[in-house]
1. Ignoring ligands, DNA and RNA, how do 108, 20 rank by accessible area with a 1.4 Å probe, largest first?
2. If R0 is 22 Å, what FRET efficiency do you get for residue 134 and residue 173 from their C-beta distance, rounded to 0.05?
3. All other residues with a Cβ under 13 Å from the Cβ of residue 5 taken together, and with Lys, Arg as +1 and Asp, Glu as -1, what is their net charge?
4. Please give the contour-minus-distance gain from residue 22 to residue 163: 0.36 nm per residue of separation, less the Cα-Cα distance, rounded to one decimal in nm.
5. When the solvent-accessible surface of protein heavy atoms is calculated with a 1.4 angstrom probe, in what order do 72, 34 fall, highest first?
6. Compute, for residue 94, the solvent-accessible surface of its heavy atoms (probe 1.4 Å) with the complete set of protein chains present, and express it in square angstrom to the nearest 10.
7. Just to make sure I understand: if all protein chains stay in place, what is the order of 120, 151 by accessible area at 1.4 Å, largest first?
8. Multiplying the sequence separation of residue 60 and residue 127 by 0.36 nm and subtracting their Cα-Cα distance, what value in nm do you get?
Amino acid sequence: LLWQHVISQPTNLSYDIPEKSFINSNDELYIIGRSSLNQSYANGLIFVLKYDQNGNIIYNLPLGNIDGSDYRDYNYMNADLNNDGTLSLVYDPTEYNSPNDNTFNFIKIGNFGNIIESNTHQIPNNSIIGMIKNEEHYFLSQVYDSNYNSTFNFYKIDNQNNLNSLTISNPEFQNFYANSAASLNWIYFRF
């Protein structure tokens with residue numbers, strides 16, 4: 001055992017849940033998580049922690065107010081460690097009774113907990129799956145028309161905040177996706 005810590009976010013929520021972790025080439029540990037209430041699957045506050053190799057906190061960054069004024073449920077959350085030690089984070093907070101229920105927030109966090117990029121995009125979140133690779137975000141979302149026929153939209157958002165999308169209505173792809181545990185790790189598109 002090299003070191004261990006117990007840390008809790010200073011909120012009135014019940015518990016904290018680590019969702020993703022990374023270790024960079026300097027043996028620094030990153031933990032991305034959320035605080036939650038007992039009665040909710042995802043209600044709470046997203047936080048990002050970074051420790052040095054000796055277990056000292058480099059930063060503890062809550063995304064939102066710890067006083068509870070903006071606790072949310074999250075339809076989607078993902079993160080990735082970039083080559084330069086920054087983090088790319090995306091999350092889709094649920095806004096109940098709001099027409100903008102598909103607002104994805106994209107954040108790039110610097111090496112000392114500073115937010116160096118922040119933007120949003122409206123993307124329909126119908127069972128969306130996604131991945132982050134080389135600071136680019138890829139999403140696949142199923143879209144239904146009024147007759148419940150479905151197509152898929154593939155989105156690519158790069159670090160310049162450009163949004164590209166492609167509609168996929170190929171029946172073979174739809175059949176493959178509907179009948180397998182498809183993930184973006186197996187699906188490659190070229191724009």
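1. Ranked from most to least accessible, the order is 20, 108.
2. Rounded to the nearest 0.05, the efficiency is 0.35.
3. Summing Lys/Arg as +1 and Asp/Glu as -1 gives -1.
4. Stretched out fully, the residue 22 to residue 163 stretch lengthens by 48.1 nm.
5. Ranked list, largest accessible area first: 72, 34.
6. 10
7. In descending accessible area the options line up as 120, 151.
8. 21.1 nm
The values are calculated or read from the model by the stated rules, or taken from the named source; none is laboratory data. Predicted model, so just to flag it, every value in this text is computed and none were measured. Quick reminder, even Gly has a Cβ in these numbers, built from the backbone with ideal geometry, and neighbours come from all protein chains shown. The accessibility values were calculated without ligands, DNA or RNA, using every heavy atom of the protein model including side chains. Shrake-Rupley method; radii C 1.70, N 1.55, O 1.52, S 1.80 Å.
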